[in-house]
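The values are calculated or read from the model by the stated rules, or taken from the named source; none is laboratory data. Just so you know, these numbers come straight off a predicted model, no measurement behind them. Neighbour counts are summed over all protein chains in view; Cβ atoms, including those assigned to glycine, are modelled from backbone coordinates with ideal geometry.
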Amino acid sequence: MQPDAGTSLKSVKRMPSPKTLPKIGASNFTRDIDLSQDELLALLDLTQQIKSSPSRFSKSLTGRYIALLFEKPSLRTRFTFELAIKQLGGDAVFSTGPIGDREPLQDVARNLDRWTNAIVARTFSQDTIDDLARWSSVPVINALSDRFHPCQALADVFTLQERFGDVRGLKLAFVGDGNNVANSLMLSALRLGMSFSIATPAGYAPDAEIVAQAEALAAVSGARLEIGNDPMNAVTGAQAVYTDVWISMGQEEEYAKRLADFAPYQVNQALLEKAGSDAVFLHCLPAKRGEEVTGEVMESSQSAVFDQAENRLHVQKALLLMLIA
């Protein structure tokens, strides 16, 4: 799934009818690179059409039913997926709790694929996503795991495309934990020609295997990948500055240590000013104001966090259409 560095955002054919929607070649969306380069570009294009003319697609999933399996609490992911499905004419069934606890995961998957048209799973472990995809005959969508957050990254790059137009040549800086959000952002940004700079405390760098994948993508697209520990260096000249919570679900026992380790990595007005004058602030939410970001930055005119949250709805509609419509 090597990207084509010569493909531009403007090269995708415009305005397909709902009957001729672009399709995803992979059976599932378990990680960012399940989308080919052309499929990623087509999804961003389709997202814009859906956002501009939602009524054109309002019956595209009529008669389709999607299972939502959530091991973690959720606001944006649950609401945007449920609303996306229903606004496209389909319906959703929701279950919360550990997947594969009450009965084997492979049995859960093979029951659901007899009843539903897709499975959307928000899990602790990436292995759970991969095992669902292995045993299910219907598409499995990763709505968050410990390794990737691909639906969030789609909304993020779409938000930047809305704000700046062609994203090639932009610089996206991530400050904080080299976590699932950072992994997905790094992969999606670099393949679109955005340079990606990340600053983390020592010991919190992104996964080495994912960095190797990102380096290969950067070599093709011509974008730059910078991994370091200095937040000032990371954000200098950036058009977008991104952060995430320092303590994710399941890491509560590390609270005191993480709070101390990440204290110099807060995105505040002084740090944001090191970025370009047109820089936007991004956050996947929920945000812990006073920890990874100040309230001043969250509420500033540079903040695009609620645009990101809205765009989760639109990109997930496009993803669902390309997988199952």
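The rows are residues; the columns are (1) in the same structural domain as D38 (by TED's automatic domain parsing); (2) in contact (Cβ under 8 Å) with a residue 60 or more places away in the chain; (3) closer than 17 Å to K171 by Cα.
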| site | (1), (2), (3) |
| --- | --- |
| S188 | no, yes, yes |
| M194 | no, no, yes |
| S197 | no, no, yes |
| D207 | no, yes, no |
| V220 | no, yes, yes |
| I227 | no, no, yes |
| A240 | no, yes, yes |
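Answer yes or no: is there a residue in region 246-256 that is charged (D, E, K, R), under 17 Å from V167 (Cβ atoms) and surrounded by fewer than 22 Cβ atoms within 10 Å (Cβ to Cβ). Lay out the reasoning, then the answer.
Narrowing region 246-256 to residues charged (D, E, K, R): 252-254.
Keeping just the survivors that are under 17 Å from V167 (Cβ atoms) gives none.
Scanning region 246-256 turns up no residue that is charged (D, E, K, R), under 17 Å from V167 (Cβ atoms) and surrounded by fewer than 22 Cβ atoms within 10 Å (Cβ to Cβ).
Taking D207 as the residue in question, decide whether it is surrounded by fewer than 16 Cβ atoms within 10 Å (Cβ to Cβ) and out of contact with any His (no Cβ under 8 Å at 6 or more places or on another chain).
Values: surrounded by fewer than 16 Cβ atoms within 10 Å (Cβ to Cβ): no; out of contact with any His (no Cβ under 8 Å at 6 or more places or on another chain): yes.
Considered against the rule, which asks whether it is surrounded by fewer than 16 Cβ atoms within 10 Å (Cβ to Cβ) and out of contact with any His (no Cβ under 8 Å at 6 or more places or on another chain), D207 comes out as no.
Does K72 satisfy being outside any helix (DSSP H, G or I) and not β-branched (V, I, T)?
On the way: outside any helix (DSSP H, G or I): yes; not β-branched (V, I, T): yes.
Criteria met by K72.
Evaluate region 169-176: report whether one residue or more is of a type outside the set (D, E), farther than 23 Å from A234 by Cα and out of contact with any Pro (no Cβ under 9 Å at 6 or more places or on another chain).
First, the residues of region 169-176 that are of a type outside the set (D, E): 169-176.
Filter again for farther than 23 Å from A234 by Cα, leaving none.
No: region 169-176 contains no residue that is of a type outside the set (D, E), farther than 23 Å from A234 by Cα and out of contact with any Pro (no Cβ under 9 Å at 6 or more places or on another chain).
Can you list the strands (runs of 3 or more DSSP E) lying wholly within region 88-159 that have 2 or more residues being crowded, with 24+ Cβ neighbours inside 10 Å and in contact with a helix residue (DSSP H, G or I) (Cβ under 9 Å, 6 or more places away or on another chain)? Explain how you work it out, then say what you get.
Numbers: elements: 91-96, 118-122, 140-144.
Counting at least 2 such residues, we get 118-122, 140-144.
Among the residues of region 66-76, what is the count of those that are under 15 Å from Q316 (Cα atoms) and surrounded by fewer than 22 Cβ atoms within 10 Å (Cβ to Cβ)? Can you show your working first?
Of region 66-76, the ones under 15 Å from Q316 (Cα atoms) are 66-68, 75-76.
Checking which are surrounded by fewer than 22 Cβ atoms within 10 Å (Cβ to Cβ) leaves us with 75-76.
Qualifying residue count, region 66-76: 2.
Within region 50-65, count every residue that is surrounded by fewer than 18 Cβ atoms within 10 Å (Cβ to Cβ) and not in a loop (DSSP other than H, G, I, E, B).
As a first pass, look at region 50-65 and keep what is surrounded by fewer than 18 Cβ atoms within 10 Å (Cβ to Cβ): 51-56, 58-59, 62-63, 65.
Now restrict to residues that are not in a loop (DSSP other than H, G, I, E, B): 51-52, 54-56, 65.
Residues in region 50-65 being surrounded by fewer than 18 Cβ atoms within 10 Å (Cβ to Cβ) and not in a loop (DSSP other than H, G, I, E, B): 6 in total.
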